[in-house]
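Worksheet: one structure, shown below.
The values are calculated or read from the model by the stated rules, or taken from the named source; none is laboratory data. This structure is a prediction, so every number in the text was calculated from the model and none was measured. Glycine gets a Cβ as well: all are built from the backbone with ideal geometry, and neighbour counts include every protein chain shown.
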Amino acid sequence: MFKGLPISKTTYYRRRQKAKRLGLDNIMNLPDLRGKHGNSPRGRKNARWNPTGIQVSKQGYLKVRVGKDHPLADPCGFAYLHTLVWVAAGKPRPERKNELHHKNTDKHDNRLENLECNTKRKHHQIHWRLNPLIHPKLTAFQVISIRRDGRPYREIAMDYDTSRSNVSLIKRGKTWKPSIESGMI
C-alpha cells in the first residue's frame, strides 16, 4: 500500500509516468495494456501481410477469405478453394463421410474437371494405390528375415532402413502381403 492506494511503490510510479504520457490525471483509470506494446509492424510492413486473401493450409490446400458468415467458412473466415469451386458449379456440398479428391494429386489445381467426390474409404484407397509404400520396398527375403529376427525392433529397422512401426507391422503380419511379383505364391 502506497499513498493510500492498493498498489506498490513501483507500480505507483510506473502508472504515474504512463498517465503523464497519455495525458490522464488519475493513475487508477489507466487502460490495461499488458501484451499490447504497439511495436508490431502494421499492414503491408508486417511479414504476415497477405493482400490476396489466399492461404495455404497445413495439409497444402488453398484457403480463401470469404468471411465468417459464409456457410463454408471456418471460424477464422476462410474456406477451402476446392470446396468453393465444387459448390459454385452447382454440385452438392460434400457430407462428412465424403471427401473431394484432386485427380492429378496437385492440391493447387482446383479446376472442376480435376475434382471428384468420393467416400473417405474410396479416397484413402485411391491414395494408397498412388503411393502404396512410403518406406523403401523390401524384398521377400528381407521380410522373411525380419519376421524371424529376434532383436529389438529399433535395431532391425536400422539394418533394413525402415521404421520401427513398419517392422512391427511386418512381424504381426499386418502389412506386406505376398504377391505374384515377389515370388512368394
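Residue count for region 8-41 under the criterion of being within 30 Å of the chain's Cα centre (by Cα) and at pLDDT 80 or above: the result is 1.
Of all the criteria given as (1) of a type in the set (S, T, N, Q); (2) part of a loop (DSSP other than H, G, I, E, B); (3) out of contact with any helix residue (DSSP H, G or I) (no Cβ under 9 Å at 6 or more places or on another chain), the one not satisfied by Asn110 is (3).
Of the numbered conditions (1) in contact with a Leu (Cβ under 8 Å, 6 or more places away or on another chain); (2) modelled with pLDDT of 90 or more; (3) farther than 23 Å from Thr52 by Cβ; (4) in a loop (DSSP other than H, G, I, E, B), Glu95 satisfies every one except a single condition; which is it? With respect to (1) in contact with a Leu (Cβ under 8 Å, 6 or more places away or on another chain); (2) modelled with pLDDT of 90 or more; (3) farther than 23 Å from Thr52 by Cβ; (4) in a loop (DSSP other than H, G, I, E, B), Glu95 is out only on (1).
Is it the case that Ala157 is surrounded by 15 or more Cβ atoms within 10 Å (Cβ to Cβ), among the small types (Gly, Ala, Ser) and assigned by TED's automatic domain parsing to the domain that holds Leu169? For Ala157, the condition - surrounded by 15 or more Cβ atoms within 10 Å (Cβ to Cβ), among the small types (Gly, Ala, Ser) and assigned by TED's automatic domain parsing to the domain that holds Leu169 - is met.
Beta carbons closer than 7 Å, at least 6 apart along the sequence or on distinct chains, pair a first residue in region 61-86 that is farther than 17 Å from Leu112 by Cα with a second that is basic (Lys, Arg) and surrounded by 18 or more Cβ atoms within 10 Å (Cβ to Cβ) for Phe78/Lys63.
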